[in-house]
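The values are calculated or read from the model by the stated rules, or taken from the named source; none is laboratory data. No experiment lies behind these values; they were computed from the predicted model shown. Note that each Cβ is placed from the backbone with ideal geometry, even for glycine, and that neighbours are counted across all protein chains shown. With ligands, DNA and RNA removed, areas are computed over all heavy atoms of the protein, side chains included. Shrake-Rupley method; radii C 1.70, N 1.55, O 1.52, S 1.80 Å.
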Amino acid sequence: MHGPAAAMGIKLYYTTVTASRTVKSQQAEVMRILESKSIQFELIDISVGREVCDEMRSKAGNPSAVPPQLFNEDQYCGDYDMLSEAVEADTVDQFLKME
């Protein structure tokens, strides 16, 4: 948990085990964006077990989803590209379903 307000339920599914530079850099960028906006979030590492990855994919409604994936509690918000678009449009709070 990152800070006291993590109860609002932003969850970032990520992995600590990946050979993909793209995944690593996207995860780092998502964390940087959230932290720069003082948004509290919970990290969920899908590398701990297949069921965690399956849970992320079923919640995202995409059987081939790869991290990073963002949720507000169990509501799917989107992936890295969608967050990037929200940052450019200055609609991050709406993207994360915080409004």
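Between the helical axis of 80-89 and the longest alpha-carbon principal axis of the chain there is an angle of about 10 degrees.
When the solvent-accessible area of region 37-99 is split by element, carbon and sulfur atoms take up 44 percent of it, the probe being 1.4 Å. Taking a ≥ b ≥ c as the square roots of the Cα gyration tensor eigenvalues, the chain comes out rounded, since a/c falls below 1.5. In region 11-99, a dipole from Cβ-located charges (positive for Lys and Arg, negative for Asp and Glu) runs towards its positive end, and of Val66, Val30, Ala86 it is Val66 whose Cα lies farthest in that direction. Just to confirm a number: summing +1 for Lys and Arg and -1 for Asp and Glu over residues other than Gln94 whose beta-carbon lies under 15 angstrom from that of Gln94, what do you get? Result for the local shell: -3. Hey, what angle do you get for helix 21-36 against the long axis of the chain, alpha-carbon based, 0 to 90 degrees rounded to 10? Between the helix axis and the principal axis of the chain, the angle is about 30 degrees.
Using the 1.4 Å probe convention, the accessible area of the chain works out to 56 Å² per residue with neighbouring protein chains retained.
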